[in-house]
Amino acid sequence: MTGGRDPLLTFHGYASPRDNERGMVAARQELVFRHEVRAGDSLSIYSEIVGVGTRSLNMLHRMMRADGQLVATAEMTGVHIDLVSRQPCDLPADIRRLSGNLQASPLR
């Protein structure tokens, strides 16, 4: 369920990882399977940014069956790094500003 990360970040204005020699790495991932999924089930994945720090952000991905049943969640923490030094660095200011618009909380 990590494939939703890049389109989600791009939607919020985060440039390509190669731009400015910066990128994101997954520092933590927690995947919870809640219900069985069978071949042929129609699924949708909903992604949101649920927290923004100075150098990191938290994302939540929810996989839903067509009938609305939640079948899996993935909570992730991504850290913004300098791709040359491989050290954490501050997120761009426009991404950090997202924290003022967030009202979601992780599913448990």
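The values are calculated or read from the model by the stated rules, or taken from the named source; none is laboratory data. Since we're looking at a predicted model, the values are computed, not measured. Cβ atoms come from the backbone with ideal geometry, glycine included; neighbour counts cover every protein chain shown.
Report the residue count in the range 43-58 for those that are farther than 18 Å from Cys89 by Cα and modelled with pLDDT of 90 or more. If you could, list the steps in order and put the result at the bottom.
At the first step, the residues of the range 43-58 found to be farther than 18 Å from Cys89 by Cα are 43-50.
Next, from what is left, pick out any that are modelled with pLDDT of 90 or more: 43-46.
Adding up the residues that qualify gives 4.
So how many residues does the range 36-71 have that are surrounded by fewer than 18 Cβ atoms within 10 Å (Cβ to Cβ) and more than 22 Å from Arg96 (Cα to Cα)?
Residues meeting the conditions: 18.
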